[in-house]
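What follows draws every value from the coordinates through simple rules; no lab data is involved. As the structure is a computational prediction, the values presented were derived from the model and not from experiment. When we count neighbours, we look across all protein chains shown, and the Cβ atoms used for this are built from the backbone with ideal geometry, even at glycine.
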Amino acid sequence: MSNESQQSIESMTPSEAGAAHAQLSEELRAHNAAYYQDDAPLISDAEYDALFSRLLAIENAFPDFRTEDSLTQQVGAAPSQGFTKVQHAIPMLSLGNAFDEDDVDEFLTRIRRFLSIDEKDPVEIVGEPKIDGLSVSLRYENGRFVRGATRGDGAEGEDITANLRTIEDIPQQLTGSAPDVAEIRGEVYLPKSAFQKLNETQKASGAKIFANPRNAAAGSLRQLDTSITAQRPLRMFAYAWGELSADVSDSQWGFLETIASWGFQTNPIARLCHNLEDVLRLYNDIEDQRATLDYDIDGVVYKVNRIDLQRRLGFVSRAPRWAIAHKFPAEQATTILNGIDIQVGRTGSLTPVARLEPVTVGGVVVSNATLHNEDEIARKDVRVGDTVVIQRAGDVIPQVVHAIAEKRPGDAVAYVFPTNCPVCGSEAVRDIDEAVRRCTGGLICSAQSVERLKHFVSRNAFDIEGLGAKNITAFHMDGLVEGPADIFRLHEKRDGLLEREGWGEQSVDNLLDAINERRTIELDRFIYALGIRQIGQATARLLARTYGSIDDWRTAMAQAQDRESEAYQDLLNIDGIGVSVAEDLLAFVHEEHNRQVLDDLGEQLNIEAFVQPANDSAFAGKTIVFTGTLEKMTRSEAKARAESLGAKVSGSVSSKTDLVVAGPGAGSKAKKATELGIEMIDEDAWIARSES
Ligand code: IVH
């Protein structure tokens, strides 16, 4: 895999940046999978580091791509309290995005290449509108609806069976012969017409107004009181499956027809396509109809029709290789820029936020938008008082695209970016090659302390139930929690907590219990929670895996302060850690105060050593070499399969090789394997073994 486009980030338009970001993320996900799951890195540390830094740099310049889904964040929608949690037997995955025709072309080419399908031979694609609702998974046993769950974070959702039973499109009993176990997945949505009516009723009764049909559908589904859900005319389109005790069809199209015969609603404007032109025609047709449909859609999903091909294509990390979402372009609107505020982030970054005259964009009222950074404001010459074009796409933060020059008020002055932190007043500086200006206040900056605490308790870090961003901010403001270790001393302040408005014996005790439960924590989570610059979940995991225990990690970090030391070399030798990450990490540990925080936390916590995940396939941990011509699958398919079974794939035979798969024409590698006495099998034997 290569990163062809090395266009300078400053010269990118937002859509170019989006495309580059998507491509990089996909590449990095593949490398992560190869690295973490298969222990078989495909590229060197330096290469990985360069890719990751570029992703970060794009996000620094275009912060709206720093979505929850981003590799740099990895924060999903956690199941909320109040519903029972459901583990999905088969994870509910997401889709990669295509933003233009080239992306779609590339998607189809990739599939052909992977499966080694000749250009003349058609690959059928099913195109379905991408419904902008909430995905759910419905479990049927012997034809009866037994349980329904939200997607949650993909691995675990919420049991909302009772609410789903109120939806007419969801059959309680399937007609026809379904497998004993059939999980049907699809999208629950609120029709646009119903959304408008609902908001009118809400308004009349002084209740909450929903921003868009999707939010209204979410609010309606996640009601603890089922009778409220029942009053909302929710609907559902079914389009995918989870666990099945028997195959339903050999194609996506056949699957849709079959589940329609069982009683589900399938989307009427989905179409079977035969080539790129067909697919793009469908996209245009659907886009033309978009406004007249009674449900929101945000793109078209393309899926390889044949299920045997879907299986061969498999998944890259969280998304299938056999499907992609072709998104509609961002929706735009014009409004007045009333002001520019500066937000201070966890690492001191100063981010300008546009305060806008509220305007509706794509069904959502927008009053804030990102201005990215200092250079972006200067480049676009956006001034307070300007009429600006803003856009939003999907769930990303709206952004200011440009100012309309003709509408500029005569007295509008160019924006001067502050050189001091607006919160603590410390100097804010910019590194030479950084787009971001940062407050140098460190710990004296309360904005940074709060952001760090928020990060510390966030979902992928300590994830303390009842202690989210809101409460931790309030506790910090009132002096109950200054640093992270104070959280684990909150029981000493039980009386203080009880005095707080809205807190009673029960809720305080629940909170203290939840805190106690988190005294034991995995090392990777712990390192991630520290909120060290550039140390996201992936890097934290690398560190945990490399050093094993907190003590060994700390010892190594102390030794690595000497840049001549072996410990420093060892750090740089970790695949995925380059000089820039290493320097940020060492700077953190070098800071006396941070070491105190680590000591302090160490006294409160039981930080578990990292346990290597087990993989029970016969190929787990084995090193395999493919040589000669493979006739039934391409090299990349063979490699992907081996890696998904936990094997490392190597390009050369050595004493560390466990197995050689040799096709016709295998030469020196086969010879060497024989000399070394390494097991050698042909392609058929490999297929048989890998499928068993
Ligand atoms: S297929 C393995 N088909 O899009 C892929 N998803 O970004 C399974 N969505 O979480 C998804 N319409 O909520 C698929 N016709 C459609 C869809 C669709 C909407 C949503 C779904 C999913 C998300 C992926």
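Decide, for the chain, between rounded, prolate and oblate: order the square roots of the alpha carbon gyration tensor eigenvalues as a ≥ b ≥ c, take rounded if a/c falls under 1.5, and otherwise choose prolate if a/b is larger than b/c, else oblate. Each step should come with its number before you reach the end.
Working: a/c = 1.39, a/b = 1.09, b/c = 1.28.
Cα axes put the chain in the rounded bin.
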Q: When a/c is below 1.5 the answer is rounded, else prolate if a/b is larger than b/c, else oblate, so apply that to the stretch 516-631 with a ≥ b ≥ c taken from the square roots of the Cα gyration tensor eigenvalues.
A: oblate
Q.
Past 28 Å, Cα to Cα: identify those pairs from Lys639/Lys671; Lys85/Lys303; Lys639/Lys669; Lys130/Lys380, in the order given.
A. Lys85/Lys303; Lys130/Lys380
Q) Among the aspartates and glutamates, which have Cα under 12 Å from the Cα of Lys648 when same-chain residues fewer than 8 positions away are ignored? A) Asp38, Asp39, Asp658
Q: Tell me which residues come under 5 Å, amide H to amide H, from Phe315 once H is placed; ignore anything under 5 positions away on its chain.
A: Arg321
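Using only the Cα atoms of the stretch 258-304, build the gyration tensor, take square roots of its eigenvalues as a ≥ b ≥ c, and label the shape rounded, prolate or oblate: rounded if a/c is under 1.5, else prolate if a/b is larger than b/c, else oblate. Please list the in-between numbers first.
Details: a/c = 2.53, a/b = 1.20, b/c = 2.12.
It comes out oblate by the Cα gyration axes.
How long is the gain from Gln569 to Glu482 if the chain were fully straight, where each residue apart is worth 0.36 nm and the alpha carbon distance is subtracted? All intermediate terms of the calculation are to be shown ahead of the outcome.
Working: separation 87, 0.36 × 87 = 31.32 nm, distance 3.55 nm.
Gain in length upon complete extension: 27.8 nm.
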Q. Which one of Ile90, Asn368, Tyr140 is farthest out on the positive end of the charge dipole of the chain, using unit charges on Cβ (Lys, Arg +1; Asp, Glu -1) and the Cα centre as origin?
A. Tyr140
Q: Quick one: which residues, 5+ away or cross-chain, put their amide H under 5 Å from the amide H of Glu243? H built at 1.01 Å from N.
A: Ile90, Glu183
Q: Find how much the distance from Ala207 to Leu93 grows on full extension, using 0.36 nm per residue of separation minus their present alpha carbon separation; answer in nm with one decimal.
A: 37.6 nm
Q.
Suppose R0 equals 51 Å. What FRET efficiency, 1/(1 + (r/R0)^6) with r the Cβ-Cβ distance, do Asp381 and Ser193 give to the nearest 0.05?
A. 0.75
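Output the pairs from Lys327/Lys407; Lys208/Lys470; Lys197/Lys470; Lys632/Lys672 with a Cα-Cα distance over 22 Å in this structure; if there are none, say none. All intermediate terms of the calculation are to be shown ahead of the outcome.
Details: Lys327/Lys407 31 Å; Lys208/Lys470 20 Å; Lys197/Lys470 32 Å; Lys632/Lys672 24 Å.
Listed pairs above 22 Å: Lys327/Lys407; Lys197/Lys470; Lys632/Lys672.
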Q | For Lys130, residues with placed amide H under 5 Å, excluding near neighbours | A | Asp298, Gly299, Val300, Val301
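Based on alpha-carbon positions alone, could you give the equivalent ellipsoid semi-axes of the stretch 170-226 from the gyration tensor, as √(5λ), descending, whole Å? Walk me through the numbers before you get to the answer.
Working: eigenvalues 199, 26, 20 Å².
The answer is 32, 11, 10 Å, longest axis first.
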**Q.** Efficiency of FRET from Cβ geometry, Ala333 and Ser8, R₀ 51 Å, rounded to 0.05
**A.** 0.95
Q: List, in order, the whole-Hz ³J(HN,Hα) value for each residue of the stretch 411-427 obtained from phi through the Karplus relation with A = 6.51, B = -1.76, C = 1.60 and θ = phi - 60°; use x for Gly and Pro.
A: 9, 5, 10, 4, 6, 9, 6, x, 10, 10, 5, x, 8, 10, x, 4, 5
Q | Helix-only CD estimate at 222 nm, as mean residue ellipticity for the chain, using -39500 (n - 2.57) per DSSP H run (n ≥ 4) | A | -11000 deg cm²/dmol
Q.
I need the phi-derived Karplus couplings for the stretch 617-630: 6.51 cos²θ - 1.76 cosθ + 1.60, θ = phi - 60°, integer Hz, Gly and Pro marked x.
A. 6, 5, 8, 4, x, 7, 9, 10, 10, 9, 9, x, 8, 9
Q.
Tell me the net charge near Arg112. Cut-off is 14 Å between Cβ atoms, Arg112 excluded, with +1 for each Lys or Arg and -1 for each Asp or Glu.
A. -1
